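Please read through the structure below; I'll follow up with questions.
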Amino acid sequence: MTQLSWTNNLLILSGSKSTEEIHFYLHLSIKENYSKRELNRQITSAYYERYLLSEGNAFPTTNKTIDEDDYPDTRILDFYSLEFLDLPNEYSEKDLKASIIRNLKNFILEIGKDFTFIGDEYRVQVGNHDYFIDLLFFNR
């Protein structure tokens, strides 16, 4: 496709296993205007497979979603690749939260470019009670 750089086209063609996967990454790259590094990260972290698995079916066809206006970044995935958090095999929720905050840029890129970090331990008052949201994100 002419909207992508030669390098991104090569990454997609060499890193995809099926025609559907090629179309998926082509549309995603054009929509998100991915750099070589961002596209390579999505391909190597198997974003396509995780996207399909979050539908609830192992390998549904993507034909119906390719033409949707919000394709493909408006779905909350069931599976995320969080290897960049460098957590041990067993960890607490507190460790997960601290690691996310240390690696916030990578975490936001994993959940989607349209998310903005608002804060951690964000105070919300309901009536006379104070509640604290661990991590608060806003989706544009």
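Report yes if Thr61 is in the same structural domain as Leu28 (by TED's automatic domain parsing), part of a loop (DSSP other than H, G, I, E, B) and modelled with pLDDT under 80, otherwise no. Give the derivation first.
Details: in the same structural domain as Leu28 (by TED's automatic domain parsing): yes; part of a loop (DSSP other than H, G, I, E, B): yes; modelled with pLDDT under 80: yes.
Against the criterion (in the same structural domain as Leu28 (by TED's automatic domain parsing), part of a loop (DSSP other than H, G, I, E, B) and modelled with pLDDT under 80), Thr61 qualifies.
List the residue pairs whose Cβ atoms are under 8 Å apart, where the first residue sits in region 86-107 and is assigned by TED's automatic domain parsing to the domain that holds Ser45 and farther than 21 Å from Ser45 by Cα, the second is among the small types (Gly, Ala, Ser) and outside any helix (DSSP H, G or I), and the two are 6 or more positions apart or on different chains.
Every condition considered, no pair remains.
In region 111-133, is there at least one residue being among the acidic types (Asp, Glu), assigned to a helix (DSSP H, G or I) and within 26 Å of Asn33 (Cα to Cα)? Outline the logic, then answer.
First, the residues of region 111-133 that are among the acidic types (Asp, Glu): 114, 120-121, 130.
Pick out the ones that are also assigned to a helix (DSSP H, G or I) and you get none.
Checked region 111-133: no residue is among the acidic types (Asp, Glu), assigned to a helix (DSSP H, G or I) and within 26 Å of Asn33 (Cα to Cα).
The values are calculated or read from the model by the stated rules, or taken from the named source; none is laboratory data. These figures come from a predicted structure and were not determined experimentally. Counting neighbours? That spans all protein chains shown, and the Cβs are built from the backbone with ideal geometry, glycine included.
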